[in-house]
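S.K.: One structure, pasted below without further comment.
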Ligand SMILES: Cc1cc2nc3c(=O)[nH]c(=O)nc-3n(C[C@H](O)[C@H](O)[C@H](O)COP(=O)(O)O)c2cc1C
């Protein structure tokens, strides 16, 4: 089978209930401590001891108020509310670790790029090159209303904005300062050589940004770019920009096709197929043996909140519970499409034309129906992982949490030694920047074929368009 080493990120969010709804009530769950810096410090130490690639912080900037026409369920069930800013816990975690990386989510739709460029560069400095960014365009209608709009920006338009947003960032991160701009010459009283710093003078359809970037070049300059788009437009965006792409699908076969698809598309953008790492969500429940794991899974099932999952699913605009169980989801999506929502488009991929509301509801609440689900002993789970990696060509997983710190503790205690024994997991950290962890020593910066690299040294600052080859 495969011998490639598998990367794991802990799937996190600066909130109580990320995607395992209802489990905050479990007596061993410490999610309610998320306001406390010690919660993050303890987690960072645990993940570094377990040789995780990164902690992956999701984020939304609105609330899920599409279910039962209000935010009450989300509030009662702690569905991603209350939640805090994901970027702000990173320096504390970086201070107690030397290798663990941090991938945080930030949306390109509502806040203009200049301030984020600076925040990201600051984090890359403070973490010594361990910062990654999960680019999202935000799907919550409530988010739009929080940032001065009456309704969501259309799906594909959000990606158009994101595309220009990234160009602005690349210009600031890659093109505005030369590597040797900061000279710190006490004798000549020159801190920064002004001839090596430039305005970017970006003027596009959505943004006008003069620059120069306010932050000097950090170890990685551009943080490692992650993206999880699954629509056609989203995949195209990922293929162009992402260095880590999340793929989805109904089953292993679809995952395999989607991994191949994203690599093919990356090549069409002039990138190497190996310059984009692919990840899937992993639902893993480990125990001393199979019975122990099954007992945990049963407990998680019992404590799961169907209402919480529905509030989460309804947040995209479809309130499944408002329809009879026998109604077909496709018909509903079609009807909702009239309102211009993009969910019809993205929902279509998750349902067959005959899927009923009842089936969809059952699926939405059943974590054990996730495409990658493994509950059992370390040997059984490692077998499942090894099989999936070999069959799909995935590079890694985001580990979903049921309990904090329990899920990660079980992973470190049971699974890491077993994966190491099989040569599928690192024995120690080698590289220190995030990008080098993914792509090897000497690759702290973007590959030359990456679209961000075309602004290096101030080149192409007036050129915005990068053409896809086919
Ligand atoms: C692993 C994973 C993590 C995601 N994290 C977030 C997130 O933190 N915030 C967010 O707004 N969307 C998040 N998304 C949603 C994606 O950004 C994207 O909108 C979604 O996959 C649908 O793709 P599309 O926009 O191309 O239709 C995530 C998706 C996946 C698969």
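S.K.: List 183, 55, 197 from most exposed to least, where exposure is judged by having the fewest other Cβ atoms within 10 Å.
M.R.: Least crowded to most crowded, the residues run 183, 197, 55.
S.K.: Between the stretch 1-52 and the stretch 381-444, what is the C-alpha centre distance in whole Å?
M.R.: The stretch 1-52 and the stretch 381-444 have Cα centres separated by 14 Å.
S.K.: Now for a separate question. Kindly provide the helix-only [θ] at 222 nm of the chain, computed as the sum of -39,500 (n - 2.57) over DSSP H runs of four or more divided by all residues, to the nearest 500 deg cm²/dmol?
M.R.: -10500 deg cm²/dmol
S.K.: Return one number: the angle in degrees, 0 to 90 and rounded to the nearest 10, between the long axis of the Cα atoms of helix 378-392 and the longest principal axis of the Cα atoms of the chain.
M.R.: 60
S.K.: Label residue 354 and residue 379 with points 7 Å out from Cα along Cα→Cβ: what is the distance between them in nm?
M.R.: 4.0
S.K.: Ok, one more. Can you pull the one-decimal nm distance between simple spin-label points at residue 36 and residue 182, each 7 Å off the Cα toward Cβ?
M.R.: 3.6
S.K.: On to the next question. What FRET efficiency comes out for the pair residue 231/residue 115, r = Cβ-Cβ distance, R0 = 30 Å, nearest 0.05?
M.R.: Values: r = 28 Å, r/R0 = 0.93.
Once the sixth-power term is evaluated, E becomes 0.60.
S.K.: Now for a different question. Under the 0.36 nm per residue contour assumption, what length would be gained going from the current alpha-carbon distance of residue 253 and residue 85 to full extension?
M.R.: Gain in length upon complete extension: 56.9 nm.
S.K.: Another question, then. Could you estimate the translational diffusion coefficient of the chain from the Stokes-Einstein equation, with Rh from the Kirkwood formula over C-alpha pairs, at 37 °C and 0.692 mPa s, in whole µm²/s?
M.R.: It diffuses with D of about 142 µm²/s by this estimate.
S.K.: Order these peptides, 239-249, 15-25, by their mean beta-carbon neighbour count within 10 angstrom, highest first.
M.R.: With the highest mean Cβ count within 10 Å placed first, the list reads 239-249, 15-25.
S.K.: Further question on the same structure: Just to be sure I understand: of the beta bridges DSSP finds with both ends in the stretch 7-120, what percent are antiparallel, rounded to 5?
M.R.: The antiparallel fraction comes to roughly 10 percent.
S.K.: Any chance you could give the angle, 0 to 90 degrees and rounded to 10, that helix 232-241 forms with the longest Cα principal axis of the chain?
M.R.: Around 40 degrees separate the two axes.
S.K.: Further, regarding this structure: Which percent, nearest 5, of DSSP beta bridges in the chain are antiparallel?
M.R.: Here the antiparallel bridges make up roughly 15 percent for the chain.
S.K.: Going by alpha carbons, how many degrees (0 to 90, nearest 10) lie between the helix axis of 252-268 and the longest principal axis of the chain?
M.R.: Approximately 20 degrees, to the nearest 10.
S.K.: Further question: If you take every DSSP beta bridge fully contained in the stretch 138-290, what fraction is antiparallel? Give it as a percent rounded to 5.
M.R.: 50
S.K.: Measuring from label point to label point, each 7 Å out along Cα→Cβ, what is the residue 291 to residue 126 span in nm?
M.R.: Between residue 291 and residue 126, the label points sit 4.9 nm apart.
S.K.: Continuing with the same structure: Hey, with R₀ at 30 Å, roughly what FRET efficiency would residue 69 and residue 301 work out to, going by the Cβ-Cβ distance, to 0.05?
M.R.: 0.60
All of the numbers you see were taken from the coordinates with simple rules; none came from a lab. These numbers were taken from a predicted model, which means no experiment stands behind them. Positions of Cβ are backbone-derived with ideal geometry, glycine not excepted, and every protein chain shown enters the neighbour counts.
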